[in-house]
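Notes follow the structure.
The values are calculated or read from the model by the stated rules, or taken from the named source; none is laboratory data. Everything numeric in this text was worked out from a predicted model, so none of it was measured. Using ideal geometry, Cβ is built from the backbone for each residue, glycine included, and neighbour counts are taken over all protein chains shown. Accessible surface areas use protein heavy atoms only, side chains included; no ligands, DNA or RNA. Shrake-Rupley method; radii C 1.70, N 1.55, O 1.52, S 1.80 Å.
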Amino acid sequence: MRFYFQQAVRAFILILFTIYIVKLHYTGDILKLINPKYGTISMIGVVILLILFVTQLHRVFSKHDEHKHNHDHEDHHHDHGYSPLNGRKLVSYFIIVLPLITGFLLPPSTLDASIAAKKGAMLSITNNAMQEQNSGQPQEKEESADENMENEQPIHQNAPDPNLDSNTISMEKYDQIVNQLGGQDSILMSEQVYSTYYEMINKEMDSFVGKEISLKGFVYKEDDFKSNQLVLGRFLITHCVADSSIIGFLSSVEDATELTEDTWVEATGTIYIEEYNGTRMPAINISDYQVIDEPEQPYLYPITIKYK
């Protein structure tokens, strides 16, 4: 019986990845990285890692014939972890454990205005406006609202929406949400319905002019904005943060210069049409706002429509 150091290292890496993913679920930080609908898949990954860890353990202590293995290695040009350590292996191990080092030492950060700038926030928003005007079907669908959604009141707390993690609704429910929007004089852009309402407002912007709207978002600005202009933006996560996109409204407010980027704001205003770089888009004339803390769950997630 012999102890194999490299096999022990590999087992240790497997259990660390398992612990890290479990930690993300326990703290809720997993929602800063992936869409909630993939939470079950993530936990399945934990089970697979545990199985691999247990399988790896028997290789740490074994009666492996090292000389025979080295000969096989020369023939097959691959390594099972029994050959001596070298520089190439050390680099490989470092690359593998780097996500663990950063994951344990650096907590997941929230996407912010700097990321929005890199993703071309205003380009994305203007493209959304153009696409929705030219499209007969919405491209993203947000979650269902409560049956009495028209009676909802603005929520000033920053607790995550209790329905935010539910990603599937029926087509009938989606149609109900869309139909309710047209009859509302005061629109509440809750996390549940934000994406759906955003699409419909962009698609039929003229019919929403003059309507009151309440929403939350972080402040984003571009160099060519007027002194009273800013964007109240949100990040929409389809699968994971790598495919995130920004949606939001160009807004006008008297003391916009006092609101710095990444400030979270809960605002109420009136919808009007603004032209930005030759593109008509719905915008908000903010009449009242308050600075709030970043919500515990700042992202929006599209939903899956369940067809019968």
Query - Hits in the range 209-235 (condition: crowded, with 22+ Cβ neighbours inside 10 Å and either under 18 Å from ILE177 (Cβ atoms) or modelled with pLDDT under 90 (or both)) - result: ILE213, LEU215, ARG234
Query - Pair list, Cβ < 6 Å and 6+ apart or interchain, from the range 30-52 residues that are under 20 Å from ALA242 (Cβ atoms) to residues that are part of a helix (DSSP H, G or I) - result: ILE30/LEU24; LEU33/VAL241
Query raised in the report: Condition test on THR40, is it of a type in the set (S, T, N, Q), modelled with pLDDT of 85 or more, in a helix (DSSP H, G or I) and exposed (fewer than 11 other Cβ atoms within 10 Å of the Cβ)?
Result: yes
Report task. Go over the candidates THR279, THR263, THR270 one by one and state the one that is under 25 Å from the mean Cα position of the chain (by Cα) and either at pLDDT below 95 or β-branched (Val, Ile, Thr) (or both). Result -> THR263
Query raised in the report: open to solvent by 40 Å² or more (accessible area, probe 1.4 Å) and at pLDDT below 90: does that describe HIS69?
Result: no
**Report entry** Subset of the range 237-258 [buried (at least 17 other Cβ atoms within 10 Å of the Cβ) and hydrophobic (A, V, I, L, M, F, W, C)]
**Finding:** ILE237, VAL241, ILE246, ILE247, PHE249, LEU250, VAL253, ALA256
Report task. Please go through the range 167-218 and pick out each residue that is in a loop (DSSP other than H, G, I, E, B) and within 18 Å of the chain's Cα centre (by Cα). Result -> ASN167, MET189, SER190, GLU191, GLN192, VAL193
Query raised in the report: Is it the case that ASP243 is of a type in the set (Asp, Glu), within 21 Å of LEU111 (Cα to Cα) and either without any contact (Cβ under 8 Å) to a residue 40 or more places away in the chain or in contact with a Leu (Cβ under 8 Å, 6 or more places away or on another chain) (or both)?
Result: yes
Requested in this report: Would you check if there is a residue in the range 164-172 being modelled with pLDDT under 85, closer than 24 Å to GLN290 by Cα and among the hydrophobic types (A, V, I, L, M, F, W, C)?
Outcome: yes
Report task. Search the range 190-205 for residues being touching a residue at least 40 places away in the same chain (Cβ under 8 Å) and out of contact with any strand residue (DSSP E or B) (no Cβ under 7 Å at 6 or more places or on another chain), and hand back the single one that is most open to solvent (accessible area, probe 1.4 Å). Result -> LYS203
Query raised in the report: Do you know which residues across the range 81-132 are aromatic (Phe, Trp, Tyr) and open to solvent by 50 Å² or more (accessible area, probe 1.4 Å)?
Result: PHE94, PHE104
Report task. Among what's in the range 266-301 and is outside any loop (DSSP other than H, G, I, E, B) and within 20 Å of LYS32 (Cα to Cα), pick the residue that is least open to solvent (accessible area, probe 1.4 Å). Result -> LEU300
